[in-house]
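Notes follow once the structure below has been shown.
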Amino acid sequence: MTSLDGLDLAALDRHLRAVGIPRSGELQGQFISGGRSNLTFLVFDDESKWVLRRPPLHGLTPSAHDMGREYRVVAALADSEVPVARAVTMRDDDSVLGAPFQMVEYVAGNVVRSRVELDALGGAEVVSACVDSLIRVLVDLHEVDPSAVGLSDFGKPTGYLERQVRRWGSQWQHVRLPDDPRDGDVERLHAKLAEALPEQTRTSIVHGDYRIDNTIVAAEDPTVVRAVLDWEMSTLGDPLADAALMCVHRDPALNLILNEETAWTAPQMPSADELAHRYSLISGHPLAHWDFQMALGYFKLAIIAAGIDFRRRMASDRPEGDDRAGQAVAVLISRGLETLS
């Protein structure tokens, strides 16, 4: 039983047996590439497959990588219209793997991360239909009654936008460079967002990081979404902020953050404006205060990029020159300032 960095298979095996998870044969694991935040592993034995997520090994930032949050929302949504993997087990302490973790059942299908993988889905009509399905799932999430699935206390029902502006402004102080030359623009955008805060008109469960590569689509029909993944940023909040961040992810700066030519930024994908229009059409809700929502999305994604670069700087084995996520910060802050100008 060979362990990987961040995944002690012997300790995990003991935990699974202790909590009564059926096991058959030797427990094995492999790292699933593609993430720049939490670490994701495929864990399997002779009969079963699971997916395990845990925080990164270096450079943790406050309030990030909340395993309990991910696990709770996935378990709550099990019988809803939102497709999720079945929750299996979690630990919110370091007693098993030296860090919190959560594990769900493996869901067969494709995670479409790269433009090459997007091309393999089919032509423009297939891609367009896939995007419509993805947006429908996001709308379905926003229509779930939090109280009906036991998530009424998953976050505060009001004040989400103000808390987001405050939180990401505070997060910048943890991940910025010493004497950071970007401070002035970050502070300007932060101040503009604080001044332009609109009233929150709706509250829903929000995913917080929604795009095609955070879902699994069916291999035989990519217009079918099998599961929504990566719930670490989920909470109760403004659904339009969730939709706006989905549109912000369409920006080419995402390629710098994820260090590849991503599927969501591919030319055959609908533009950010078209994604917004489709969300409004499918949801039946107008895009109120959309410039603010988009600017907040740019601000949030910029600070996330800075956090990824922060973890790279903290790692002792970081590859030289791997600073593309850091390069995205100024680009995204500039986009936010332009949006609110």
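Structure notes:
- Residue in region 187-199 that is open to solvent by less than 40 Å² (accessible area, probe 1.4 Å), farther than 21 Å from V144 by Cβ and outside any helix (DSSP H, G or I) present: yes
- Leading residue by the ranking (modelled with the highest pLDDT) among those in region 56-77 that are more than 15 Å from F154 (Cβ to Cβ) and open to solvent by 50 Å² or more (accessible area, probe 1.4 Å): L57
- Test result for V88, crowded, with 18+ Cβ neighbours inside 10 Å, out of contact with any helix residue (DSSP H, G or I) (no Cβ under 8 Å at 6 or more places or on another chain) and at pLDDT 95 or above: yes
- Once region 205-220 is narrowed to residues that are among the hydrophobic types (A, V, I, L, M, F, W, C) and open to solvent by less than 10 Å² (accessible area, probe 1.4 Å), the residue that is nearest to A75 (Cα to Cα) is I205.
- Among residues that are surrounded by fewer than 18 Cβ atoms within 10 Å (Cβ to Cβ), among the charged types (D, E, K, R), closer than 28 Å to C247 by Cα and without any contact (Cβ under 8 Å) to a residue 40 or more places away in the chain, E125 is included.
- The numbered conditions (1) farther than 26 Å from S280 by Cβ; (2) of a type outside the set (G, A, S); (3) at pLDDT 95 or above are all true for H142 except (1).
- Subset of region 312-341 (residues that are open to solvent by less than 30 Å² (accessible area, probe 1.4 Å) and modelled with pLDDT under 95): A315, A325, G326
- Looking only at residues of region 223-239 that are of a type outside the set (D, E) and open to solvent by 10 Å² or more (accessible area, probe 1.4 Å), we find that the one that is farthest from G68 (Cα to Cα) is T223.
- Within region 96-116, residues that are hydroxyl-bearing (S, T, Y) sit with their Cβ atoms under 8 Å from residues that are outside any loop (DSSP other than H, G, I, E, B), at 6+ positions apart or across chains, in these pairs: Y106/L42; Y106/F44; Y106/K49; Y106/W50; Y106/V51; S114/T262; S114/A263.
- Near pairs, Cβ below 9 angstrom, 6+ apart or cross-chain, from region 213-231 (among the polar types (S, T, N, Q)) to any residue that is assigned to a helix (DSSP H, G or I): T215/L134; T215/V137; T223/V126; T223/A129; T223/C130; T223/D132; T223/S133
- For region 91-118, the candidate set comprises residues that are in a loop (DSSP other than H, G, I, E, B) and of a type in the set (G, A, S); within that set, the residue that is most open to solvent (accessible area, probe 1.4 Å) is S95.
- Scope region 152-165; condition touching a residue at least 24 places away in the same chain (Cβ under 8 Å) and either under 19 Å from the mean Cα position of the chain (by Cα) or under 16 Å from Q293 (Cβ atoms) (or both); matching residues: F154, G155, G159, Y160, L161, E162, Q164, V165
- Test: residue in region 207-217 that is in a helix (DSSP H, G or I) and in contact with a strand residue (DSSP E or B) (Cβ under 8 Å, 6 or more places away or on another chain): yes
- Tally of residues being open to solvent by less than 40 Å² (accessible area, probe 1.4 Å) and out of contact with any strand residue (DSSP E or B) (no Cβ under 8 Å at 6 or more places or on another chain) across region 257-287: 14
- With respect to the conditions (1) surrounded by 20 or more Cβ atoms within 10 Å (Cβ to Cβ); (2) within 28 Å of R278 (Cβ to Cβ), T158 falls short on a single one, namely (1).
The values are calculated or read from the model by the stated rules, or taken from the named source; none is laboratory data. None of these values were measured; they are calculated from a predicted model. A quick note on method: Cβ atoms are made from the backbone with ideal geometry, for glycine too, and the neighbour counts reach across all protein chains shown. Heads up: the accessible areas ignore ligands, DNA and RNA and are worked out on the full protein's heavy atoms, side chains in. Shrake-Rupley method; radii C 1.70, N 1.55, O 1.52, S 1.80 Å.
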